[in-house]
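Structure first, commentary second.
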Amino acid sequence: MNNYELYTGLILLLPLAGFITLSLTGKRFTPRGAGILATLLLVLTALLSWVVAYGYFFEFGKQAGIYQPCRLIDFEWLPFTDTLSINMGITLTPIIAMMLIVISTVSLLVHLYSTGYMKGEERLGSYFAYLQLFTFSMLGLVMAFNIFQIYFFWELVGVSSFLLIGFYFKLPAAIAAAKKAFIVTRFADLGFLIGILMLGTGAGSFDIEQIISRLTDPGSSYLAAFTDSSFLGFSTLTWALLLVFAGGAGKSAIFPLHVWLPDAMEGPTPVSALIHAATMVVAGVFLVARLFPVYAISAPAALEVIAILSAFTALFAAIIACTQTELKKVLAYSTISQIAYMLLALGVAGWSKEAAEGYTASMFHLFTHAFFKAALFLCAGVIIHIVHSGKLEDMGGLRRSLPITHIAFLLAALSISGCPFLSGFFSKEAILAATWTSHPVLYVVALLTSGLTAFYMFRIYFLVFFNKKATDEKAHEPWQMALPLIVLTIGTVFAGYIPFGELVSADGMPYKLHVSVLSSLLPVSAALIGILTAASFYAVRNDRPTMFAKSLGGFYQWAYHKFYIDTVYLFFAKQVMDKGFGGLFSFIDTHIIQGTLNGLAEGSYSFSVLIKRMQSGRIQTYAFFFLGGVLLMAILLIIQYI
């Protein structure tokens, strides 16, 4: 175990060292040197992550046939009382081991891809330093065993995402997007912080394992005190867990906190791949999964809320994705929909063996999604790099010009659509099966979302690679950009064949996911209908898309304008917050606070002018006042005795 303690420590320290080195001495490196250093550090980090994950799953993680949490590093950081303190350290569980593989592998491929994609850009030292900070933050977040430690790294993820989204700081849109992401997630993180304080106080500990132990034991005094009181029909524990989920909803862009993610596309495309595929947006899914026993055993009502809200978000985002005209915006709404799919699976899951499929299905989809969504974004980067535009109207006929990108994009699109024998098929089928078992109504929503996913993915596929006459001229696909696509495509095809349930389950015991031909008929048929509809609309230029959009009337315009959610937020921010509350606070500041202070200052000045003659420095004046005072006192004494 000592070796693994060292390895997990290095997994954190290597990207941190890269961030510090490139931040302090980045200007001394050539752009190529900064990329090479950052990539080599991630090679070591990824290798160590795979070694640690292998060791956990096959050497020391399983005890008596059950995967147990293994605490490798533990030290007291901030004591409050004899029984309550904040400890820092590193722990391993099945989902943590899985996340180490996902984060380090995708981050490594993004680093390598960036050495080609960002070639010629300014401030590459800073860019790779920010990537290292982002990776360090996510790795620290997933390996934390203390919920306050999670919050610490949670905020670091927010800071590093702000730096990366706003990397092109000379562009107003990039700065606006960075601020929007930071502000929206701050509102969510306030709820997260309140939830943490409620959980820590109620459970008497901030240690996640102790929280789970104390709040899932039916005879626990902590659980009894937490569930005795209620508000609006929910127990205090349920409200605490919903507030924790609010933080996850912000990071994972769940309605109504989804508005920041599409705008985050203003950052460099490799950053979009890192944020969307393996790190920031899956943080909310990971958080709910980490506390899943408490949700499932002690607060199932919170899971009901999560399931309903996530089902709505998945369908809502999929509808918007069908109408967007920028490649990365479509992929952004696709991410929102897929993350909501994962949370839907967690929401319908239960603690019993029969109901636990949703948990494993959610984690499985998180794992497969990392490969095909990273592939899609990196393919988008190659396409935009060649076309010099992100608009779909400027693309078309690129299948011969970009053969590697074309194959990678096609397989990733098939996988996310749930086509048989690709990785996305297995994980999506598991989610649909779990949803059907628990909530047939939500299954219908999930099934419709699955069909729409196939439609919008092949809409952009045909608009990018077909729709115009193909040219035989080969575009340059640098090896630094092609190699990550090949690796991710291999994962897209084969990741679904891993016996995932044998490794990751709700209670640590092996769980076998079932995919039957009968249950797959509807989802595969929905995907096929979506693909064929997209082909008839967009494979060759015709009037069908325009005619269909007109037939939908105002609904299409609402979907194209994202149901005006951004407009409502903008109105609230400018008219209500800025002009309304801002004007009120400005009036209070100017006329009451500042007016009071100015009045005191003017009064003090007037009073000083009045009395300054008393301190003239003339002896005659002082004698006059002294004599006057004596006479006044004498008169008062005489009056008193008369």
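No lab work stands behind these numbers, since they all come straight from the coordinates. No experiment lies behind these values; they were computed from the predicted model shown. Neighbour counts run over all protein chains shown; Cβ positions are idealised from the backbone, glycine included.
Couple of notes before you dig in:
- Percentage relative contact order, the chain, counting C-alpha pairs under 8 Å, at least six apart: 12
- Nearest-ten-degree value, helix 124-143 long axis tilted from longest Cα axis of the chain: 90
- Candidates Ser423, Ile486, Tyr56 compared by Cα position along the dipole of the stretch 2-560: farthest toward the positive end lies Ile486, with charges placed on Cβ.
- Cα-based helix-to-principal-axis angle, 440-465 vs the chain, degrees rounded to 10: 80
- Sequence ranges 192-204, 325-337, 215-227, ranked by mean other-Cβ count within 10 angstrom, highest first: 325-337, 192-204, 215-227
- Helix 94-117 and the long axis of the chain differ in direction by around 90°, with both axes built from C-alpha atoms.
- Rounded to the nearest 20, the size of the Cβ-charge dipole of the stretch 2-560 about its Cα centre is 1720 debye, with Lys and Arg at +1 and Asp and Glu at -1.
- Remark: the Cα gyration tensor places the stretch 20-145 in the oblate category, a/c being 1.5 or greater and a/b not exceeding b/c.
- Dipole of the chain [Lys/Arg +1, Asp/Glu -1 at C-beta], most positive-end residue of Leu164, Leu44, Gly390: Gly390
- The Cβ shell under 12 Å around Ser334 holds other residues with a net charge of +4, Lys and Arg each +1, Asp and Glu each -1.
- Between the C-alpha center of the stretch 41-98 and that of the stretch 242-265 there is a gap of 27 Å.
- With 24 Å as the limit, the listed pairs Lys119/Lys391; Lys251/Lys562; Lys27/Lys329; Lys391/Lys562 have Lys27/Lys329 beyond it between alpha carbons.
- Space enclosed by the convex hull of the alpha-carbon atoms of the chain, per residue, Å³: 252
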